[in-house]
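Comments concern the structure below.
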Amino acid sequence: MKNLFLLLAISCCFLVNAQEHFSGLSTSSRVGIINASINPSELVNMSNAFEFNLYGFSVNVANNKVGFSDIVAGNNIQNLMFQGSDPVNMRFNAEVYGPSLAFKLRSWAFAITTKANAKMDVVDVDTKIGDAITNSNIGSLISTTAINNNFNQRVNGTSWGEVGLSIAHNLLSKGSHRLNGGVTFKLLFPGAYANLGADKFYGNVVTSGGQSYLTQTTANINIAYSGSLANSFSSVSDYSKSIYGGLNGFAGDIGVNYQWKDNADTSTSRYKNKYRINAGMSVRNIGSMTFKDSNNSSTNYTLSIQGAQSLNLNQFDNTHSLKDIETTLINSGFLTKVTSNKDFKVNLPTTFNAYVDIKLVAKLFVSGYIQQKMKSDNDNDQITAQNIVTLTPRFNTGFFEVYSPISNSSVSGFNTGLGFRLGGFYLGSGSIVTALIRDSKQADIYTGFRWSFL
């Protein structure tokens, strides 16, 4: 378990950080498949009749403990992770769009998209427990630390694939005003899953002579795994082994969009989506998927250590998988099985999204975006999401676009990034500016290419 914590920390600090995919680009007036990922009704506003997405890649992580300057200075990441009293929160999130096609026909628009997802999360892990597991051999003095948590601490990993079928329609068009609606129906292909949850953890951590023990402890434990993440889930290769599994889940997005068209715009831009205001609302990822695999397991336990009993935490030093952790805990005699399932359901990260993009003057726009999660990250069967607010000024000539997203997220706080688009190619980051000028706890990157015509 010690190695597990360290590998998660290194991954979250040295991969790249954030959680809003394609930040700044997804609210651009050059509308296409990326915009439809936020709100399917945007497909009616496509800048051209057809769009073919060749590839799109976005990788994000956020944490609330380790800053960019700490990495550059070579500070001890292990110690920084478990400083202070605030629980440790980290999010790693990658999205890869494969070949996808969208097209518009009169007042209708349609799309078929392919996407792969991978997530690795640390949710509300108590710093005292983390410090006891990773740093117990540093000191030799006797100390006792009381732990009293009324929330669920989780270490979680998930990979899955999606095929999306979208349809959008212009519901109302009167003068300069347009109202659109759209839905996306998603076929889900769960790949692999792992979850370790410790809910309502009450007890003592006793450190003595380089050893740490749990005493007088009770907790509700969930251990679940499926696919390649059953054996390990602390490196990128564990996720890439099985992104697409069998069809075992469904989800949907639904959204509406309003445009105040700019009929006075005489720009010669070949992109035809010209407006004064473009606004929308959507609810995304409504649904769940069921993991089914030969090595599937999801078990709820109660942990009880009473009287003079103690559990030596150092025995978890060389564990790399949830199976190892589960076996060690069972052998300790302190676990009691409550329920167990071979197959289990996991809920997608449902979010409410709203945005508005305003034309200030010719070629200069500013957009605001908000993402609000609708479910609790503490539930063992829940894939996580973040709350995000983003403001993006942009300069858009049609073929060329440059923008700077300014955001605040519920995990890593304030960040500023920079991105550009040249025709169908785009490259950006939601936090590169902050990483260079101040102590950012984010750094993300995305890139892709799509071809629009007619």
**Asked** Once amide H atoms are placed 1.01 Å from N in the peptide plane, what residues at a sequence separation of 5 or more from Gly98, or on another chain, have their amide H within under 5 Å of its amide H?
**Response** Thr114, Lys115, Ala116
**Request:** Calculate the dipole size of region 293-368 relative to its Cα centre from +1 charges on Lys and Arg beta carbons and -1 charges on Asp and Glu beta carbons; express the result in debye to the nearest 20.
**Result:** 340 debye
**Request:** May I ask you to derive the relative contact order of region 394-454, considering only C-alpha pairs under 8 Å and at least 6 residues apart, and to give it as an integer percent?
**Result:** 26 percent
**Prompt:** To the nearest 0.05, how large is the calculated FRET efficiency for Asn220 and Asn314 if R₀ is 25 Å and r is the Cβ-Cβ distance?
**Reply:** 0.60
**Request:** Would you mind calculating the relative contact order of region 304-451 from Cα pairs under 8 angstrom and at least 6 residues apart, reporting the percent as a whole number?
**Result:** 12 percent
**Full-stretch length increase - Phe414, Lys342 - with 0.36 nm per residue and alpha-carbon distance subtracted** = 21.7 nm
**Request:** Using a 1.4 angstrom probe on heavy atoms only, work out the carbon and sulfur share of the accessible area of region 262-395 in %.
**Result:** 55 percent
**Request:** Note down the relative contact order for region 337-384 as a percent, whole number, built from C-alpha pairs under 8 angstrom at least six residues apart.
**Result:** 41 percent
**Request:** Provide the solvent-accessible area of Met81, counting protein heavy atoms only and rolling a 1.4 Å probe, rounded to the nearest 10 Å².
**Result:** 10 Å²
**Asked** Taking the highest mean first, how do the peptides 418-425, 220-227 order by number of other beta carbon atoms within 10 angstrom per residue?
**Response** 220-227, 418-425
**Item:** Highest average packing first - 186-199, 33-46, 293-306, 383-396, Cβ atoms within 10 Å
**Value:** 33-46, 186-199, 383-396, 293-306
**Message:** Expected output is a single nm value to one decimal: the length gained when fully extending between Asn263 and Gln211, i.e. 0.36 nm times separation in residues minus the C-alpha distance. What is it?
**Reply:** 11.4 nm
**Fill in**
Check: C-alpha center region 82-106 vs C-alpha center region 364-398, spacing in Å is 10 Å
**Request:** Quote the accessible area belonging to Trp451 in square angstrom, nearest 10, computed with a 1.4 Å probe and with ligands, DNA and RNA left uncounted.
**Result:** 140 Å²
**Message:** I need the calculated FRET efficiency for the pair Asp86 and Ser173, taking r as the beta carbon distance and R₀ as 45 Å, to the nearest 0.05.
**Reply:** 0.35
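The values are calculated or read from the model by the stated rules, or taken from the named source; none is laboratory data. Everything numeric in this text was worked out from a predicted model, so none of it was measured. All Cβ positions, glycine included, derive from the backbone under ideal geometry; neighbour counts span all protein chains shown. Protein only, heavy atoms only, side chains kept; ligands, DNA and RNA dropped before computing areas. Shrake-Rupley method; radii C 1.70, N 1.55, O 1.52, S 1.80 Å.
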